[in-house]
Amino acid sequence: MKKTPFVTKEQVEEIAKTYPTPFHIYDEKGIRENARKLKAAFSWNKGYREYFAVKATPNPYILKILHGEEAEHSARKG
């Protein structure tokens, strides 16, 4: 499977004119698609629940996306 970037070099250059670097660019469509694929892969297990470690990416926008895809958030300290 050929993977293609969701953003072009030119788009990143335009973004960099507005926002100071460093910055992160997330692919919301890709995040949603992967969350759905993961959920579908385990759909045979009715007790399966997806958990996402907030410590891994404490970004409220990512958490909102995952919440919309019914992923649970784990915010344990330690």
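For every residue, the table says whether it meets (1) modelled with pLDDT of 80 or more; (2) among the small types (Gly, Ala, Ser); (3) closer than 24 Å to Phe6 by Cβ.
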residue: Asn34; (1), (2), (3): yes, no, yes
residue: Phe42; (1), (2), (3): yes, no, no
residue: Gly47; (1), (2), (3): yes, yes, no
residue: Glu50; (1), (2), (3): yes, no, yes
residue: Ala53; (1), (2), (3): yes, yes, yes
residue: Ala71; (1), (2), (3): no, yes, yes
residue: Ser74; (1), (2), (3): no, yes, no
residue: Lys77; (1), (2), (3): no, no, no
Condition met for Ala16 (in contact with a Phe, Trp or Tyr (Cβ under 9 Å, 6 or more places away or on another chain) and of a type outside the set (Lys, Arg)): yes
Pull out all pairs, ordered by first then second residue, where Cβ-Cβ is under 6 Å, the residues are six or more apart or on different chains, the first lies in segment 19-35 and is in contact (Cβ under 8 Å) with a residue 40 or more places away in the chain and over 16 Å from Glu70 (Cα atoms), and the second is of a type in the set (Ser, Thr, Tyr) and outside any loop (DSSP other than H, G, I, E, B). none
For a quick check of your reading of the model, give me the residue pairs whose first member lies in segment 49-78 and is closer than 16 Å to Lys29 by Cβ and among the hydroxyl-bearing types (Ser, Thr, Tyr), whose second is at pLDDT 75 or above and surrounded by fewer than 16 Cβ atoms within 10 Å (Cβ to Cβ), with beta-carbon atoms closer than 9 Å and at least 6 apart or on different chains. Tyr61/Tyr26; Tyr61/Glu28
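The values are calculated or read from the model by the stated rules, or taken from the named source; none is laboratory data. If you're wondering where the values come from, they're calculated on a predicted model, not measured in any experiment. Here Cβ is always computed from backbone atoms with ideal geometry, including for glycine, and neighbour counts include all displayed protein chains.
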